[in-house]
1. For the chain, what value does the Rg/Rh ratio take when both radii are computed over Cα atoms and Rh is the Kirkwood radius, given to two decimals?
2. Starting from 0.36 nm per residue, how many nanometres of slack lie between Thr27 and Ile8 once their C-alpha separation is accounted for?
3. Using a cut-off of under 13 Å, list every residue of the stretch 14-40 whose amide N is near the label point 7 Å from the Cα of Ile65 along the Cα-to-beta-carbon line.
Amino acid sequence: MAKRLSEIRLRDDEVLLDGFEASIDGTPVVVTAVLERTCVYETSDGVRRLANKRLLMVDPEKLPIRRRSLG
């Protein structure tokens with residue numbers, strides 16, 4: 001089930017990796033950079049744009065999350 005990217009909560013030792021699929025208003029896009037409140041995404045025709053995380057819908061099960069070592 002799709003959720004807004006802004007609703008995804010990561011633990012302190014987790015980081016969301018770039019290069020995952022999302023959709024904006026039903027249009028599929030690829031997220032190429034994750035910032036604090038926004039993301040850079042690329043459309044199917046290669047155009048890069050910036051969007052607020054609230055606009056990006058993702059499948060939480062398919063997100064590339066990596067654990068990082070603390071310290």
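Only the coordinates and a few stated rules stand behind these numbers; no lab work does. Quick caveat: nothing in here was measured; it's all calculated off a predicted structure. Virtual Cβ from ideal backbone geometry, glycine too; neighbours counted across all protein chains shown.
1. Values: Rg = 12.1 Å, Rh = 12.4 Å.
Using only Cα positions, Rg/Rh for the chain is 0.97.
2. Numbers: separation 19, 0.36 × 19 = 6.84 nm, distance 1.99 nm.
Result: 4.9 nm gained on full extension.
3. Only 14-17 pass the distance filter.
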